[in-house]
1. Return the average number of partner chain Cβ atoms within 10 angstrom of each residue Cβ along peptide A:23-36.
2. About the Cα centre, and with charges only on the beta carbon of Lys, Arg (+1) and Asp, Glu (-1), how big is the dipole of segment B:1-117? Nearest 20 debye, please.
3. I want to check the label-to-label distance for residue A:21 and residue B:65. Put each point 7 Å from Cα in the C-beta direction and report it in nm to one decimal.
4. Expressed as an acute angle from 0 to 90° and rounded to the nearest 10, what is the orientation of the C-alpha long axis of helix B:48-61 relative to the principal long axis of chain B?
5. Report the FRET efficiency, 1/(1 + (r/R0)^6), for residue B:14 and residue B:193, where r is their Cβ-Cβ distance and R0 is 22 Å, rounded to 0.05.
6. Just to confirm the number: angle between the C-alpha axis of helix B:125-135 and the first principal axis of chain B, 0 to 90 degrees, nearest 10?
7. If packing is taken as the average count of other Cβ atoms within 10 Å, what order do B:37-48, A:15-26 fall into, highest mean first?
8. So, in nm, how far is label residue B:124 from label residue A:59 when the simple model puts each one 7 Å beyond its Cα toward the Cβ?
Amino acid sequence: MNIFEYDGEEFDKKLEEIFKDINKDELKKELIECGLEIQEEVELDIDADYYNKELEENSYWVHSRDSRWTRFVSKLKIKKKNSQENSSEEILEKAV
Amino acid sequence: MDNLEYELYHGTNKESANKIVKNQLFIPGADDDNEDFLGKGVYFFREKQHAVLWNLKKAKDKRRRNLSYKKYVLNYEIVGAKIKLKKSNFLDLEDANDIAKYEKICKRFEKEFEEDEEYKYAKHKDRAILNYFYKKGYMEDIYAIRKIMGQNINTTGLNIAKQMQREIFCIKKPDIINDIRIVNNVEENTYNNIKYISFY
């Protein structure tokens, strides 16, 4: 069968026939087998309290010439919480 | 005008190119150069320059940036081929009639999954729908699909063209591919210009 051979109402009818009594779960499973990629939810595994505390303890405010307060993080003082590859420095820099 | 004939180009590494020409055969999915937005098939460009751009992208993926022309011609080839088919076996996604039908199919899938958040945000719907329709035999007489797709290019000074429009063919039935041969690579000046406007 070539559904593209049909035109107008005949095409619509053929298309509906394809979906008639279709099992949605099975269809989705087959689409995934055919290359559909479901997005996985991104969960951030960050201990917010810990990093907030680190940020408070290792940063200082500077009043700049344009009369704005800017927060700087002292990188050297920040310790890694554990042996994870992502250092607290990187995360704090992003947080600031 | 029932019969269609196109001269097309496929960019790939030297080893794959030699194998394809020696066997006079493209195997869909066997070559890792196959991109797959139109589903499983053998991908070609209408323009030789776009096959070079594709090869440069593959080189970048292998961390080979800024390849000299000498290294490029040592490692990459362009395979030329002819395809012949009837218009009824061709899905042209630049033709309003075919686009409208394909749009109806996509919308029907959206309707089926209208309350499904996972489907809504899923990636690669086109290839999944096309592969599914082939698997079920709903498009078994379609031997090739054509689509023009934009490729971002590195042209910050140009206001009128941030993309190169590439005419892409996905061949679903390898039997229609004939006259498979290695064609002359582009000349050094053209290669350097392609590299200059690309991100690779």
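1. Mean inter-chain Cβ contacts per residue within 10 Å come to 6.
2. 1040 debye
3. 5.8 nm
4. That works out to roughly 90 degrees.
5. The value I calculate is 0.45.
6. Result, in degrees: 70.
7. Peptide ranking by packing, descending: B:37-48, A:15-26.
8. Inter-label distance under the simple model: 4.0 nm.
We did not get these values from a lab; they are worked out from the coordinates using the rules stated. On a predicted model such as this, the values are computed, not experimentally measured, just so you know. Here the Cβ is made from the backbone with ideal geometry for all residues, glycine too, and neighbour counts use every protein chain on show.
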